[in-house]
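Reading through the structure tokens given below for one structure.
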Amino acid sequence: MEIGIIGLPNVGKSSLFSLLTKISVPIEKFPFTTIQPNVGIVEVPDERFEFITSVLKPQKKVPPTIKFVDIAGLVKGASKGEGLGNRFLANIREVDAVVHVLRYFFDDTVSSSIGEIDPIEEIEVVSLELILADVEVISKHIEKLQHKLKSGDKTVVEEIDFLKQLVELCNISKNLAQIKEFVDSERKKFQNRELQLFLNQLLITKNFLYVVNYDENVDRKELEEKVKEISSYTKSSVLPLCIKFELSLIDFLDEEKESLRKEYGIPNTELKDFLKNSLKILHLITFYTIVGEEHRAWLLKENSSILDAAEKIHTDLKEGFVNAEVIPFEKFKQTPDLKVLYQNGEVKICGKDYIVQDGDIIKINFRLKT
């Protein structure tokens, strides 16, 4: 699954991408440095996995990863083709969730496309372009549905009415949270899979995580107030991250990093919090496999069955599934000894209907089909 990094030009998108992936991408002080999206795989910090592997000491460990996509900066008029408009919007449609980087650093040498430092206005500029682009897409879909009206299908009439209401709301609101709340509420009334898939492809239905990119000289109290203000407006997770400072620490030793963070009053948890929240906006949980010499952390959609987990590991495990042995992480943490856990009956034997829980340690029992 992929998370797109978006925002206005010169807010720190590519710097964040470099920080996350350690991949060198062009970073300049003028718009549209990023044209083709950069893609990178990023490890997600996982204290549970570190504990499991520290106890069991496998020869190889594979941590969970997320794919991040650095998307070109957007400007006013993108929905009408301004800047890299159509290409930018198409790239956002292809990702599963969105990180929106907001500028809260004050540097006269880096131009601002809106002429001032105002994160809320940045959100409104980007939101409006996403909304306008979707209005066009929804209107075309309504036209297609109207051709089906002759069939007399009552459901089609209801779908058209819902989509027209959505267009009306989009025409009067720049607030994505308000629009998304309406869609999430109304879509529950429809069983039509085609409509649900269509709604999932819209820009306005994607999950957002907002990152306030600040500099080390910021007033912490003002920063906290700004984060609260943005959170209240967006009804989404909002995280502060001093991107330039974090980038400057890459080549330092851990002790040196800690010393510099204390000197500038910058928490050491911001980057970890960002990565953990990235999992949340993708609605992913983590499960673990510890069979053999390779122990691995796997990411899986919330509310997935044990068969989905088996397929994630290998299709043979799903096709030949017999049952699964499951140890909740908290049980393992309390008693970090597999032999004792089995002896005490702490290992659950689960059938194909079992819903995987975050932190499950799983062993799939299966028979190869002949």
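The values are calculated or read from the model by the stated rules, or taken from the named source; none is laboratory data. Owing to the predicted nature of the structure, the values given are computational and were not obtained by experimental measurement. Cβ placement follows ideal geometry from the backbone for every residue including glycine, while neighbour counts extend to all protein chains displayed.
If you go through the range 189-232 and keep only what is over 16 Å from the mean Cα position of the chain (by Cα) and in a loop (DSSP other than H, G, I, E, B), you end up with Phe190, Gln191, Asn192, Asp215, Glu216, Asn217, Val218, Asp219. For the range 73-120, filtered to residues that are in a helix (DSSP H, G or I) and more than 24 Å from Val238 (Cβ to Cβ), the residue that is modelled with the highest pLDDT is Glu94.
Could you identify the single residue in Leu163, Leu203 that is surrounded by 17 or more Cβ atoms within 10 Å (Cβ to Cβ), over 30 Å from Ser248 (Cβ atoms), touching a residue at least 60 places away in the same chain (Cβ under 8 Å) and hydrophobic (A, V, I, L, M, F, W, C)?
The unique qualifying residue is Leu203.
For Val167, indicate whether it is among the aliphatic types (A, V, I, L, M), part of a helix (DSSP H, G or I) and closer than 26 Å to Ile123 by Cβ. It is true that Val167 is among the aliphatic types (A, V, I, L, M), part of a helix (DSSP H, G or I) and closer than 26 Å to Ile123 by Cβ. Considering the range 233-253 alone, what residues qualify as being part of a helix (DSSP H, G or I) and either under 20 Å from Leu16 (Cα atoms) or among the aliphatic types (A, V, I, L, M) (or both)? Of everything in the range 233-253, those that are part of a helix (DSSP H, G or I) and either under 20 Å from Leu16 (Cα atoms) or among the aliphatic types (A, V, I, L, M) (or both) turn out to be Ile243, Lys244, Phe245, Glu246, Leu247, Ser248.
If you go through the range 89-127 and pick out every residue that is of a type in the set (A, V, I, L, M, F, W, C) and either more than 21 Å from Ile281 (Cα to Cα) or outside the structural domain of Leu166 (by TED's automatic domain parsing) (or both), you end up with 6. Answer yes if at least one residue in the range 222-231 is touching an Asp or Glu at 6+ places or on another chain (Cβ under 8 Å), in contact (Cβ under 8 Å) with a residue 12 or more places away in the chain, outside the structural domain of Val347 (by TED's automatic domain parsing) and among the aliphatic types (A, V, I, L, M), and no otherwise. Scanning the range 222-231, I find no residue that is touching an Asp or Glu at 6+ places or on another chain (Cβ under 8 Å), in contact (Cβ under 8 Å) with a residue 12 or more places away in the chain, outside the structural domain of Val347 (by TED's automatic domain parsing) and among the aliphatic types (A, V, I, L, M), so the answer is no. Taking the range 269-370 as the region of interest, the strands (runs of 3 or more DSSP E) fully inside it that hold 1 or more residues being over 30 Å from the mean Cα position of the chain (by Cα) and surrounded by fewer than 19 Cβ atoms within 10 Å (Cβ to Cβ) are 321-327, 348-350, 361-366. Selection of first residues in the range 268-287 that are aromatic (Phe, Trp, Tyr) and of second residues that are assigned to a loop (DSSP other than H, G, I, E, B), restricted to Cβ pairs under 6 Å at least 6 apart or on distinct chains, gives the following pairs, ordered by first then second residue: Phe287/Val356; Phe287/Asp360. Here Lys174 passes the criteria (1) in a helix (DSSP H, G or I); (2) modelled with pLDDT under 95 except the one numbered (1).
The residue of the range 147-160 that is surrounded by the most Cβ atoms within 10 Å (Cβ to Cβ), among those that are of a type outside the set (Ser, Thr, Tyr) and in a helix (DSSP H, G or I), is Glu159.
For the range 105-148, the tally of residues that are more than 20 Å from Arg193 (Cβ to Cβ) and without any contact (Cβ under 8 Å) to a residue 12 or more places away in the chain stands at 6.
Given the residues Pro9, Pro26, Pro45, Pro31, which is the only one that is modelled with pLDDT under 90, in a loop (DSSP other than H, G, I, E, B) and within 30 Å of Val291 (Cβ to Cβ)?
Residue meeting the stated conditions: Pro45.
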